[in-house]
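Colleague: Just dropping this structure here.
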Amino acid sequence: REQQVGEGDPQRQRDAELSSTGAAAVTVFAGKAYDEIRVGESFSDQVTLTETHLVVSASLFGDFHPVHVYERFAATTRFGTRIFHGYFTSSVMAAVAGNFFSGTGVAYLEHACRFHAAVKPGDTVTTQWTIAAMTDKPHHGGGIVSLAGTCRNQDDAVVAEAEAKILVSNKPLT
C-alpha cells in the first residue's frame, strides 16, 4: 500500500504550541518507526520545482555552471534551457525518505543515484520509494532499511533512480 508523506494515524501527530510568541501551532508528524514498516511498502511525495529552487541551489552548492544559471548558454545545449543540478534532484529524492522517517531516522547511511533525464524549472517531480530490505539491528533499537526509489516528472518520464540505506529506530527519537 502506498502512503503519502504526512499521512497517517492522527494519534501519531505531535502538536508544538509556540504560545509564548503568539505564533500559530505547528503540527509535526512522527515518522514511521522500524517496527511499523514492512518490505514492499511504498511511500511517495511530489514537488513542483521553481526558478527560486534553481537559483538558491546553485548558490548553496557553489556550482554556477552556465547550463544551470545562464539561459542564453543553456538554450544552445541539448537541453534547450537551464536544468537543475543532478545532486539537487538526488536531494529532493532523499528528502522524501527523510520526511517519511521524521523523528525515527537515526542516520542516512548510503545514497546512490542514476540520472536518466534533465529536470527543469517548472517540472513537477514525484519520488516513490519502496522498502526493499530490512536488517534488524537490536543493539541500535531498530534496523537498517534499504530503499529503492524512482523519481518521475509530470510526463511520467523517469528522471532518476536511487538506492538508499537509513538506520531507523523502533520509536521516535527524543
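Colleague: In region 130-161, how many are touching a helix residue (DSSP H, G or I) at 6+ places or on another chain (Cβ under 7 Å) and either basic (Lys, Arg) or within 26 Å of His68 (Cβ to Cβ) (or both)?
Modeller: 4
Colleague: Ok, one more. Looking for something closer than 15 Å to Phe43 by Cα, touching a Gly at 6+ places or on another chain (Cβ under 9 Å), surrounded by 15 or more Cβ atoms within 10 Å (Cβ to Cβ) and modelled with pLDDT of 95 or more - is there at least one such residue anywhere in region 113-127?
Modeller: Scanning region 113-127 turns up at least one residue that is closer than 15 Å to Phe43 by Cα, touching a Gly at 6+ places or on another chain (Cβ under 9 Å), surrounded by 15 or more Cβ atoms within 10 Å (Cβ to Cβ) and modelled with pLDDT of 95 or more.
Colleague: Output the residues belonging to region 33-92 that are open to solvent by 30 Å² or more (accessible area, probe 1.4 Å), over 25 Å from Ala107 (Cβ atoms) and of a type in the set (Phe, Trp, Tyr).
Modeller: Phe64, Tyr70, Phe73, Phe79 - these are the residues of region 33-92 that are open to solvent by 30 Å² or more (accessible area, probe 1.4 Å), over 25 Å from Ala107 (Cβ atoms) and of a type in the set (Phe, Trp, Tyr).
Colleague: Are any of the residues in region 154-162 more than 13 Å from Leu109 (Cβ to Cβ) and more than 19 Å from the chain's Cα centre (by Cα)?
Modeller: yes
Colleague: Another question, then. So which of Gly143, Gly122 ends up being within 28 Å of Asp35 (Cβ to Cβ) and touching a Ser or Thr at 6+ places or on another chain (Cβ under 8 Å)?
Modeller: Gly143
Colleague: Next question, about the same structure. Val158 fails exactly one of the following numbered conditions: (1) aliphatic (A, V, I, L, M); (2) open to solvent by less than 40 Å² (accessible area, probe 1.4 Å); (3) within 24 Å of Leu54 (Cα to Cα). What is the number of that condition?
Modeller: (2)
Colleague: Which ones in region 135-155 are surrounded by 18 or more Cβ atoms within 10 Å (Cβ to Cβ) and either among the aromatic types (Phe, Trp, Tyr) or out of contact with any Asp or Glu (no Cβ under 9 Å at 6 or more places or on another chain) (or both)?
Modeller: Val145, Arg152
The values are calculated or read from the model by the stated rules, or taken from the named source; none is laboratory data. The model shown is predicted, which means the values in this text are computed figures rather than measured ones. Cβ: placed from backbone, ideal geometry, glycine included. Neighbour counts: every protein chain shown. For accessibility, only protein heavy atoms count, side chains too; no ligands or nucleic acids. Shrake-Rupley method; radii C 1.70, N 1.55, O 1.52, S 1.80 Å.
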